[in-house]
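Asker: Input: one structure, supplied below.
The values are calculated or read from the model by the stated rules, or taken from the named source; none is laboratory data. Model, not experiment: these values are computed from the prediction. Neighbour counts are summed over all protein chains in view; Cβ atoms, including those assigned to glycine, are modelled from backbone coordinates with ideal geometry. Surface areas here come from the heavy atoms of the whole protein model, side chains and all, with no ligands, DNA or RNA. Shrake-Rupley method; radii C 1.70, N 1.55, O 1.52, S 1.80 Å.
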Amino acid sequence: MTTAARSTLIVVCLVSAVMALNASSLNVALPTLSREFHASSGEGSWLLLSYMVANTACLLLFGRLSDVWGQRGLYLNGLVLFSVASLLAGFAPNVEVLIGLRVVSAIGGAVLIGNGATLIHQAFPQESLGGAMGLYAASFPTANLIGPTVGGLIVDHIGWQWVFWFNVPVCLLALAAGHALLPRRVEEKRAVGLDLSGNLVIMAAVVMLTLGITSLTDLGWRHPLVVGCVAGSVLLVPILLFVERRATAPVLEVAVLRRVGKLFLAGFFTGAGRFPLIVLASLYFQGVAGVAPGRAGMMLLPMPIGMITASLTLGWLSRRWTAHQIMFRGSVVGTCGVGLVALAIHLQLTGLVMATLAIVGLATGLFIGTNATVLLERAPDDSLGVVNATRLMLQNTGNVLSLAIALTLLTALLAPGLGEAVLAASVPPGDVDAVNSAFTLVCLFLFALGAVGAWYSFPRRDDGSVPPSARDEVALARCREVGMTKEMLD
């Protein structure tokens, strides 16, 4: 590992940890912020949703900009924007300004998250890329583990402002390190053209779809806002196709989609089959098993701990299997793990639910880093940024969509009023069996999503994902020694 590669990894992992801490600590601070600003329930929700919607919508635009302008400069400017927005958020005079600053933070966060994996991919040689991606993937769940504790301590002992201000010194440290350590790469080939029209249509579609999905749980499927946003996002698809046919530099070219389209779908469905599980498990532990929130949080730890553990083993595993093979194994094992979660819930064995969550976490840790690695290996050099951004945008959209559908399905399977009792963790003892059956069916729905993801993860020889066998390599080497070629053998 070169000094430049090691420095890149340190900077990117530090920034990714700040992103995860920012999100998880704010979840804990939300009640305090709502009281401080006398925010309504809708305004309180938008303190979280504004970041999610803006971040997802901007990923693709900044992915393309990084291909046009270069990853390093855009990344450092994203750090500056995120730092300034975090500093100003602590001085916000009202909830409207704070929500606006969260949007600005999300734009900076889109630059940082969308370029992290790309910077690592460019800095590391193939033989050590797996370990680097594993460390990068581990930085998110590690920060998520400590984020709620950090957020709670900050709110209790320092003040809500420091939930935002603690980002600033860490970001400034990363900014200084980035200026000094991130290598200045001279790109021989740079993407040309931004396709602003295509990006704007995609941003509008993503905003509408995310807004509709995130409003689903509170408003229901039939609410005009939900129907209008989802229908509007669908209607924008033919408009996008019309715009892209006439674009000189389309957002994502057909040739690129042919090379990595299956990998996009693998990430979308595999993530969608895993993300809601942590929320469902929390509701199950509190509503069905009847444990307190604090203990329920502890019972969820096997899943993120499993993710961290698996991510840290990627370097070792990558010396034995290709990244695509590890990705496929992670997708299959994780899908089987979700099926085992469903079985454990059906049998009402709380300890077994925890054990199966650990299996899902381990498999997810294997999948996340290798999915990014394989995508960036297959992507053209002038499209690395937009390919990685598309991966993240689809992943975020799939996660939100599957969670909304899972919660809706859970309440639809229950008698009127019982769904609300599940969400409030106040299930009457006589209804535990009915609720348990509903949780089992929802987990089977997630299992089905994961199975689709595993299908798209399968390595196929026609897409270059299956390397020649060791026997073939030895045979070819011996043929070369005697002057024979593969064509002569054929």
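Asker: Using only C-alpha positions, report the orientation-averaged shadow area of the convex hull of region 102-157, nm², one decimal.
Answerer: Across all orientations, region 102-157 yields a mean hull projection of 5.0 nm².
Asker: Quick one, what does Rg over Rh come out to for region 212-355 if you take C-alpha atoms and the Kirkwood Rh?
Answerer: We get a ratio of 1.07 for region 212-355.
Asker: Between Leu196 and Ala415, take the C-beta separation as r, use R0 = 45 Å, and let me know the FRET efficiency to the nearest 0.05.
Answerer: For Leu196 and Ala415, the calculated efficiency is 0.30.
Asker: Which FRET efficiency value, to the nearest 0.05, is calculated for Leu225 and Leu444 with the Förster distance at 25 angstrom and r the Cβ-Cβ distance?
Answerer: 0.25
Asker: Still on this structure: Using a 1.4 angstrom probe and counting only protein chains, how large is the accessible area of Leu257 in Å², to 10?
Answerer: That residue has around 80 Å² of solvent-accessible surface.
Asker: In addition: Just the Cα atoms of region 27-136: what Rg and Dmax do they give in Å?
Answerer: Considering region 27-136 through its Cα atoms, Rg and Dmax are 16.6, 54 Å.
Asker: At a 1.4 Å probe, what is the % contribution of carbon and sulfur to the accessible area of region 314-391?
Answerer: Whole-percent figure for carbon plus sulfur exposure: 68.
Asker: At a 1.4 Å probe radius, carbon and sulfur cover how many percent of the accessible area of region 114-262?
Answerer: 67 percent
Asker: Using the C-alpha atoms of region 141-182, what convex hull volume per residue, in cubic angstrom, is computed?
Answerer: 67 Å³
Asker: Using only the alpha-carbon atoms, how far is helix 196-214 inclined from the longest principal axis of the chain? Give it as 0 to 90 degrees, nearest 10.
Answerer: 40 degrees
Asker: Over all distinct alpha-carbon pairs, what is the Kirkwood Rh of region 1-69 in angstrom?
Answerer: 14.7 Å
Asker: Now for a different question. How many nm is it between the label spots at Asn77 and Thr3, if each spot is 7 Å from the Cα in line with the beta carbon?
Answerer: Each label point lies 7 Å from its Cα, and together they span 2.9 nm.
Asker: Here's a follow-up. So how far, in whole Å, is the C-alpha centre of region 25-61 from the one of region 77-153?
Answerer: Computed from Cα coordinates, the inter-centre distance equals 16 Å.
Asker: Taking Cα atoms of region 362-456, Rg/Rh with Kirkwood Rh, to two decimals?
Answerer: With Rg and the Kirkwood Rh in hand, the quotient comes to 1.15.
Asker: Separation between the His157 and Ala292 pseudo-spin-labels, each 7 Å from Cα along Cα→Cβ, expressed in nm?
Answerer: With each label point 7 Å from Cα toward Cβ, the separation is 2.1 nm.
Asker: Continuing with this model, one more query. Using 10 Å bins from zero, what percent of all Cα-Cα pairs in region 138-292 falls into each bin?
Answerer: 8, 17, 27, 31, 15, 3, 0
Asker: Subtracting the Cα-Cα distance from 0.36 nm times the residue separation, let me have the gained length for Ala255 to Thr149 in nm, one decimal.
Answerer: 33.6 nm
Asker: Report the label-to-label distance for Val84 and Ser282 in nanometres (one decimal), using points 7 Å from each Cα along the Cα→Cβ vector.
Answerer: So the two model labels end up 3.4 nm from each other.
Asker: Just how large is the dipole of the chain about the Cα centre, in debye to the nearest 20, putting +1 at every Lys and Arg Cβ and -1 at every Asp and Glu Cβ?
Answerer: 760 debye
Asker: With N denoting the number of residues in the chain, provide Rg(C-alpha) divided by 2.2 N^0.38 Å, to two decimal places.
Answerer: Cα Rg divided by the expected 2.2 N^0.38 Å: 1.00.
Asker: What whole number of Å gives the distance from the Cα centroid of region 315-330 to the Cα centroid of region 269-287?
Answerer: Between the Cα centre of region 269-287 and that of region 315-330, the gap is 26 Å.
Asker: Rounded to the nearest Å, what's the spacing between the alpha carbon centres of region 229-246 and region 388-464? Just the number, please.
Answerer: Computed from Cα coordinates, the inter-centre distance equals 27 Å.
Asker: Output wanted: per-residue J couplings in Hz (rounded whole) for region 411-420, from phi through Karplus 6.51 cos²θ - 1.76 cosθ + 1.60, θ = phi - 60°, x for Gly and Pro.
Answerer: Rounded to whole hertz, the list is 6, 5, 7, 10, 5, x, x, 6, x, 5.
Asker: Please compute the contact order of the chain in relative form: average sequence separation of alpha-carbon pairs under 8 Å and at least six residues apart, divided by the residue count, as a percent.
Answerer: Relative contact order here is 22 percent.
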